[in-house]
Protein chains: 2
Amino acid sequence: MSYQSIQQLLKTAPTGTEVTVKGWVRTKRESKNAVFIALNDGSTINTIQAVAEAGQLPEETLKLITTGACLAVTGQLVESQGAGQAVEVKIANVTIYGTADPDKYPLQPKRHSLEFLREIAHLRPRTNTFSAILRIRHALAFAVHKYFNDNGFYYLNTPIITASDAEGAGEMFRVTTLDATKPPLTEDGKVDYSQDFFGRETNLTVSGQLEGELGAMALGKIYTFGPTFRAENSNTTRHLAEFWMIEPEMAFYELEDNMNLAEDFVKTVIRYALQHCADDLTFLDSRLKDEEKTKKKEEQSELGLLEKLQFVISNEFVRLTYTEAIDILVNSKPAKKGQFQYEVSWGVDLQSEHERYLVEKHFKKPVILTNYPREIKAFYMKQDPDGKTVRAMDVLFPGIGEIIGGSQREDDLDKLTARMQEVGIEPEALWWYLDTRRFGSAPHAGFGLGFERLVLFVTGMGNIRDVIPFPRAPKTAEF
Amino acid sequence: MSYQSIQQLLKTAPTGTEVTVKGWVRTKRESKNAVFIALNDGSTINTIQAVAEAGQLPEETLKLITTGACLAVTGQLVESQGAGQAVEVKIANVTIYGTADPDKYPLQPKRHSLEFLREIAHLRPRTNTFSAILRIRHALAFAVHKYFNDNGFYYLNTPIITASDAEGAGEMFRVTTLDATKPPLTEDGKVDYSQDFFGRETNLTVSGQLEGELGAMALGKIYTFGPTFRAENSNTTRHLAEFWMIEPEMAFYELEDNMNLAEDFVKTVIRYALQHCADDLTFLDSRLKDEEKTKKKEEQSELGLLEKLQFVISNEFVRLTYTEAIDILVNSKPAKKGQFQYEVSWGVDLQSEHERYLVEKHFKKPVILTNYPREIKAFYMKQDPDGKTVRAMDVLFPGIGEIIGGSQREDDLDKLTARMQEVGIEPEALWWYLDTRRFGSAPHAGFGLGFERLVLFVTGMGNIRDVIPFPRAPKTAEF
């Protein structure tokens, strides 16, 4: 192809050869004898230094070489005489592709706030922090595909536009081509969706799980990895209206197999990132250390980013039942001292403060909680013989809380149908889902992982809007 | 994990060991001395034969072992005495997970029409044809990610919900949470989208290209691979309302680099499928041969499926300009004999019949056409110095026509803005897109490939609804 990326060049090009570097100016520095231009092309966090002798470049050219301008530089790759880089390019020729007026270009070589950068999400990938995040995001996505491919799973593209609601809950976005002002109405004054594009009311999917189960009951092991949507009007640092989910579903897996898979999966992809994104993670690690220094001592993390990732991949996750966890929580110091905001007792849904106590204080390890009360979990989870709990599992991570939620699925047609009726879901509406239990049913299990939660954890960022290129949230759909 | 897939087992298990096979019954056959059960678990197109001696299994068990039932079979793996398989399982124990009432289960061991199977898309992955298609689809998707990862591209998740229309055309699906019957109105009687979830009118994306370009102008080389949508009310064998697109965008690539990439990319992923899906492709190859036999001689393909794939990867694509192609077409036999349905002259958009003539009759090779008239191409394509053509490229394949469309992108801010105004796109609406030309612009290029078109080509299927698990089309959103 037309050029060698800076990543390749720093890795493989021998000094003494003539090279062409194409990239954007990060900084320009002039000394008495020379001009130093730091170029970055996005392939790596590292810049390459291009050096011209003082007076070598015409003044009008030099004036245009400002932060953000795009150049092609040709010259000899030589050992660098300065500190900070092994090699540099001795400029023979410069072509300016595009300038960046310093009075107008928003990304100047100074510290910009994450809030400001969110407003210019179309340019923020040109910064060190966001290019590092996006390269790590790529590596994690590839690791996900590689993991499942290596382990005999088939990638299944479940539908994005759907007429069903997997969870029987969750606010959804309507998808329509009907006239917005005057939709056609039925005789009783309701919108006549039979005239809509799909001939029925349709929404954006909240989960590919139900269709994923159809795949697993035919192909054995499948996974989805696609966008999902929640129309929840909440502006938090943990929620997006549009996010990417990974949902494996496996025939013949029971709860323990599911836990083994979840633990092995998440460790493998984090290990991949550590192996393939060392430069970017080191950069984010030190970025986080700087940020931590501005916090009060008691709010600072005990572990740095790299230490935290190493910690997760090198420890066995603790596994215990919800009931055992409630015991621990009820007898904990914060419970006895009334320090939990939400009271804890058997039957309640655990709050973030409880999950974090278990993970960060009590076990100091990632935790897998299982066998939750059926009342607080979805209808499709397999019921335990005691009639009280279901074969659910949540994987809890330090700092982030729940990163994976899953279960063995109810494979008994009668129990599943009865449970649907109890929670108010019409079995007829999911006739196709029930067919998998009607014909050739089998034990099976699966889980879901919000991809941005994983990227958040691996990059150490604090706001989920900073780990997806173009976040979608209430009142936010620019770009 | 809890079991070995049939694919692993056939590949690695030594005869003499005790194995457990879990899967669905494809067929059951009884002879005087034995019962033969063909089991499939979706991991491979191959079944494994499980054999019991006559009388070994209780009558009530045997009765439940029908096509579609799900079993676990334990026994010794032995060399098969019958033809058709190398090994088989000598049944010691059978567990029936789920039955499939032969009077109700729709998938009986006989030939079902593709139309019928489309109506039971939730069960069709349990057939040989559809499981083969879905495994090949998986392999192609993985090959796409692997190709780009191996070549220094970063995967970029461009937004699905968007306030912009990349092509300045294309029917779109509206995404909304406003009350469908009585939406809030502005004073002049229009829908007040400022009250909608995103505070503005939003639609499902028709392409990630424009946001992809933002990525390329920061990270160098990116690709998207996600769902895109067209609300076109056309029921054809070539169009879906929801389909998956692959869109690489590369800084510093010009038209020729773009062609080199497209050709290398598509050959590499097809080669991957040939290497990794031999059994499935062989099955589809013979399926297609059977289908061809039912056609009239003159309508039969010259090449079988495997031959066609080999042909594409082993030939250099022919490259010529649109203008040269028009010359060939104008002077062709069908043009002179008036056999083209649409007349051909410089300036017209080529029809499928013209593309197929070039590929299948004239060159008998895949073709890349370049430098189309600017009037028939999108506003963002780089204008040639002649003022008439743009640096577009379309890759044309036998049978399928256009499989890839791309171009070098216009990187000159003034030319791009002028062209937008000519075609009626408000530059202000795409301020963020124009910023990439305003700040640090550079030559760049990219292309788009409809993933289902690729799967259609590689599987040899005739209807695009058969190469995606759950097709979305007018009046079609079941499952």
To the nearest 20 debye, the range B:241-396 has a Cα-centred charge dipole, built from +1 on Lys and Arg Cβ and -1 on Asp and Glu Cβ, of 620
Quotient of Cα radius of gyration and Kirkwood radius for the range A:114-158, i.e. Rg/Rh, equals 1.21
Answer in debye to the nearest 20: the dipole magnitude of the protein assembly as shown about its Cα centre, from +1 Lys/Arg and -1 Asp/Glu charges placed on Cβ, is 1460
Straight-line reach check, residue B:388, cutoff 21 Å on alpha carbons, 8 or more apart in-chain or any other chain, hits among lysines -> B:377, B:415
Given backbone amide H placed at 1.01 Å from N, residues whose amide H is under 5 Å from that of residue B:384, ignoring those fewer than 5 places away on the same chain, are B:389, B:390, B:391
Computed for A with B: buried accessible area summed over both chains, 1.4 Å probe, rounded to 100 Å², at 9500
Expressed in angstrom and rounded, the centroid-to-centroid distance over alpha carbons for the range B:84-102 and the range A:286-300 is 60
With the label set 7 Å along Cα→Cβ, residue B:336 is separated from its counterparts in the other copies, in nm and shortest first, by 10.1
With T = 10 °C, eta = 1.306 mPa s and Kirkwood Rh from C-alpha pairs, the Stokes-Einstein D of the range B:223-331 in µm²/s is about 90
At 37 °C in a medium of viscosity 0.692 mPa s, the range A:20-129 has a Stokes-Einstein diffusion coefficient, with Rh taken as the Kirkwood radius over alpha carbon pairs, in µm² per second, of 226
Once both label points are put 7 Å beyond Cα along the C-beta direction, the residue B:421-residue A:352 separation in nm becomes 4.9
Ordered by number, the residues of the range B:236-253 with at least 30 Å² less accessible area in the assembly than alone (1.4 Å probe) are B:242, B:244, B:252, B:253
Gyration tensor on Cα atoms of the range B:224-282, a ≥ b ≥ c root eigenvalues, a/c under 1.5 rounded, else prolate if a/b beats b/c, else oblate, says oblate
Expected unfolding gain across residue A:431-residue A:336 under the 0.36 nm per residue rule, minus the alpha-carbon gap, is 29.3 nm
Residues of the range B:1-26 that bury at least 10 Å² of accessible area, probe 1.4 Å, when all protein chains are present rather than the chain alone, are B:1, B:2, B:3, B:7, B:22, B:24
With the label set 7 Å along Cα→Cβ, residue B:14 is separated from its counterparts in the other copies, in nm and shortest first, by 4.9
Residue span residue A:194 to residue A:320: 0.36 nm per residue of separation minus Cα-Cα distance leaves a gain in nm of 40.4 nm
With the label point 7 Å along the Cα-to-beta-carbon line of residue A:90 and a cut-off under 13 Å to each amide N, the hits in the range A:1-25 are A:15-19
In the B-onto-A rotation, chain B's nearest residue to the axis by C-beta, with distance in whole Å, turns out to be B:145, 2
Stokes-Einstein D for the range B:378-435 (25 °C, 0.890 mPa s, Kirkwood Rh from Cα pairs), in µm²/s, comes to 194
Against the 2.2 N^0.38 Å rule of thumb, the C-alpha Rg of the range A:334-388 sits at a ratio of 1.30
Partner lysines whose C-alpha sits under 17 Å from that of residue A:221, ignoring same-chain residues fewer than 8 away, are A:146, B:22
Scattering profile of the protein assembly as shown from the Debye formula, Cα beads only, expressed as log10 I(q)/I(0) at q = 0.05 Å⁻¹, is -0.32
Per the 1/(1 + (r/R0)^6) rule, R0 = 45 Å and r from the Cβ atoms of residue A:291 and residue B:268, FRET efficiency to 0.05 is 0.60
Contour minus Cα-Cα span, residue A:310 to residue A:29, at 0.36 nm per residue, comes to 97.4 nm
Chain A: relative contact order from alpha carbon pairs under 8 Å, six or more residues apart, as a whole percent, is 13
Cα-only Rg/Rh for chain B with Kirkwood Rh rounds to 1.04
The answer for the longest stretch of chain A without any exposed trypsin sites (Lys or Arg not before Pro) (DSSP loop, at most 14 further Cβ atoms within 10 Å) is A:365-474
With every protein chain kept in place and a 1.4 Å probe, the range A:61-195 has an accessible area per residue in Å² of 42
Taking only the Cα positions of the range A:95-170, the convex hull volume per residue in Å³ is 221
A 1.4 Å probe over the protein heavy atoms gives chain B a carbon and sulfur accessible-area percentage of 46
Over the range A:334-450, with neighbouring protein chains present, the accessible area per residue in Å² at probe 1.4 Å is 41
Share of Cα-Cα pairs in the range A:76-222 beyond 27 Å, whole percent, is 62
With no solvent term and unit scatterers on the alpha-carbon positions of the range B:367-478, Debye gives log₁₀ I(q)/I(0) at q = 0.11, 0.20, 0.21 Å⁻¹ of -0.50, -1.00, -1.05
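The values are calculated or read from the model by the stated rules, or taken from the named source; none is laboratory data. A quick note: this is a predicted structure, and the numbers were derived from the prediction, not measured. Backbone-built Cβ (ideal geometry, glycine too); neighbour counts: all protein chains shown. SASA here: full protein model, heavy atoms, side chains in, ligands and nucleic acids out. Shrake-Rupley method; radii C 1.70, N 1.55, O 1.52, S 1.80 Å.
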